[in-house]
Amino acid sequence: MNAVSFSEHAFSVEWGPLEASKFNTLLHAFSEAKKAVLVDENTQEYCLEFLLTSFEALADAEVIVLPAGEQSKVLEICAQVWETLTEAGFGRHDLLINLGGGMVTDLGGFAASIFKRGITFINIPTSLLAIVDASIGGKTGINFASYKNQIGTFSEPKATFIDLRFLSTLPHVEWKNGFAELLKHALIADPDLWLKLTACQEISEELNQQMIRRGVEIKQEVVLADPLEKGKRKVLNFGHTIGHAIESYYLHSDTPVSHGHAVAIGLLLESHLSMTLSSLNQNEFLAIERAIKKHFTLQIPRDINAIWELMQQDKKNQNNEVRICLLSRIGVCQHDQKLAFEDFERVYNTYLV
Ligand code: GLY
């Protein structure tokens with residue numbers, strides 16, 4: 001029996017200017033509670049002041065600042081968050097507000113979900129990646145022993161508030177990170193969204209609200225159907241088995257690749273596998289290849305054995321077999337497909353020059 005359950009409103013997502021949202025009402029419901037705002041150095045600089053000056057209820061909030069970057073998504077940094085909450089006397093009825101990108105919402109959600117067996121947290125995603133993926137769906141976590149999201153929980157935020165104005169200060173590389181996840185959502189579920197996304201020349205404001213909303217909708221639909229990833233939710237990991245391995249491989253190197261960039265490479269290679277092992281047709285594969293190569297450079301480690309070893313740790317594996325997701329066509333994805341090393345090797349080697 002699984003102790004975790006998700007309510008229908010588990011993925012309550014509210015769009016629009018934060019000041020006009022139910023965020024204020026929620027803060028009032030926590031008027032007696034201690035409140036902490038978790039940021040990284042970037043959201044401290046660009047987003048925090050707006051939050052603190054717009055909401056009186058946050059005047060006395062504890063502010064916890066994390067070093068920016070994926071390297072912070074680790075146990076030591078998490079322990080610092082727990083230390084601050086402990087020193088400030090936080091208890092079960094207090095509130096943590098995660099204001100940031102995927103690193104902040106993943107780590108903050110995780111920290112909150114096990115502090116004193118769980119305190120309430122709210123996500124205010126400020127990057128495209130956090131908006132379309134990380135901040136919704138209840139997955140929280142940290143990296144461990146070089147493996148991505150190795151430790152984590154399924155824990156629902158009280159709510160997620162999406163205010164697209166935060167994207168105005170987002171650097172280009174961060175737009176690309178989120179774009180890769182949007183491409184993934186389109187590939188697994190929505191050929192129309194795929195066409196709209198691939199028609200974009202520039203990844204930034206050209207990605208209009210409608211496309212971003214559709215990406216979030218796809219994520220919500222999949223998660224609501226399978227919140228604890230027993231089956232269908234695994235399709236949200238399309239591109240991630242190889243993508244996470246590549247990201248982990250470079251994590252502690254001089255040339256780390258961002259999550260979105262690694263996922264984009266994973267999308268390409270897993271699409272190629274979809275053509276050789278499933279029914280994705282060549283024209284659709286070539287369209288995927290063109291789209292990925294237009295926006296991302298292929299940074300592929302030569303050490304295929306190291307990548308395969310990292311893939312062995314993927315959370316979707318079963319019986320010591322690597323299981324991946326494969327497209328049967330754009331918009332339709334199958335999960336739990338066995339992957340043999342020989343098939344992986346044949347495709348991987350075509351990308352090594
Ligand atoms: N990022 C994949 C998921 O939320 O399931």
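The values are calculated or read from the model by the stated rules, or taken from the named source; none is laboratory data. Note that the structure is predicted; figures quoted are calculated from it, not measured. No Cβ is skipped: glycine too gets one built from the backbone with ideal geometry, and neighbour counts run over all protein chains shown. For the accessible areas, the whole protein counts, side chains as well, though only heavy atoms, and no ligand, DNA or RNA atoms are used. Shrake-Rupley method; radii C 1.70, N 1.55, O 1.52, S 1.80 Å.
Is it the case that residue 145 is of a type outside the set (Asp, Glu) and open to solvent by 20 Å² or more (accessible area, probe 1.4 Å)? The answer is yes for residue 145. Just one of the numbered conditions (1) within 19 Å of residue 266 (Cα to Cα); (2) in contact with a helix residue (DSSP H, G or I) (Cβ under 7 Å, 6 or more places away or on another chain); (3) β-branched (Val, Ile, Thr) is not true of residue 140: (1). Candidates 106, 94: the one that is over 28 Å from residue 291 (Cβ atoms), of a type in the set (D, E, K, R) and either at pLDDT 95 or above or more than 14 Å from the chain's Cα centre (by Cα) (or both) is 94. Would you be able to tell me the number of residues in segment 269-289 that are free of Cβ contacts under 8 Å to residues at least 60 places away in the same chain and either under 22 Å from the mean Cα position of the chain (by Cα) or surrounded by fewer than 23 Cβ atoms within 10 Å (Cβ to Cβ) (or both)? Of the residues in that region, 11 qualify. Among the residues of segment 9-65, the ones that are without any contact (Cβ under 8 Å) to a residue 40 or more places away in the chain, open to solvent by 80 Å² or more (accessible area, probe 1.4 Å), under 30 Å from residue 218 (Cβ atoms) and of a type outside the set (S, T, N, Q) come to 3 in all. If you go through segment 174-203 and keep only what is open to solvent by 30 Å² or more (accessible area, probe 1.4 Å) and over 22 Å from residue 108 (Cβ atoms), you end up with 176, 189, 191, 192, 195, 196, 198, 199, 201, 202.
Yes or no, residue by residue, for (1) more than 26 Å from residue 60 (Cα to Cα); (2) touching a residue at least 60 places away in the same chain (Cβ under 8 Å); (3) not hydrophobic (A, V, I, L, M, F, W, C):
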site: 83; (1), (2), (3): no, no, yes
site: 95; (1), (2), (3): no, yes, no
site: 109; (1), (2), (3): no, no, yes
site: 128; (1), (2), (3): yes, yes, no
site: 135; (1), (2), (3): no, no, yes
site: 154; (1), (2), (3): yes, yes, no
site: 161; (1), (2), (3): no, yes, no
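Of the helices (runs of 4 or more DSSP H) lying entirely inside segment 215-313, those containing at least 2 residues that are closer than 21 Å to residue 344 by Cα and within 15 Å of the ligand (Cβ to nearest atom) are 240-250, 259-277. Looking at (1) more than 15 Å from the ligand (Cβ to nearest atom); (2) open to solvent by 70 Å² or more (accessible area, probe 1.4 Å); (3) not in a helix (DSSP H, G or I), which is the only condition residue 207 fails? Condition (2) is where residue 207 drops out. Among strands (runs of 3 or more DSSP E) entirely within segment 75-165, having at least 1 residues that are closer than 26 Å to residue 307 by Cβ and out of contact with any Asp or Glu (no Cβ under 7 Å at 6 or more places or on another chain) singles out 139-144, 147-154.
Could you say whether any residue in segment 96-115 is surrounded by fewer than 24 Cβ atoms within 10 Å (Cβ to Cβ), touching a helix residue (DSSP H, G or I) at 6+ places or on another chain (Cβ under 7 Å) and not basic (Lys, Arg)? For segment 96-115, residues surrounded by fewer than 24 Cβ atoms within 10 Å (Cβ to Cβ), touching a helix residue (DSSP H, G or I) at 6+ places or on another chain (Cβ under 7 Å) and not basic (Lys, Arg): present.
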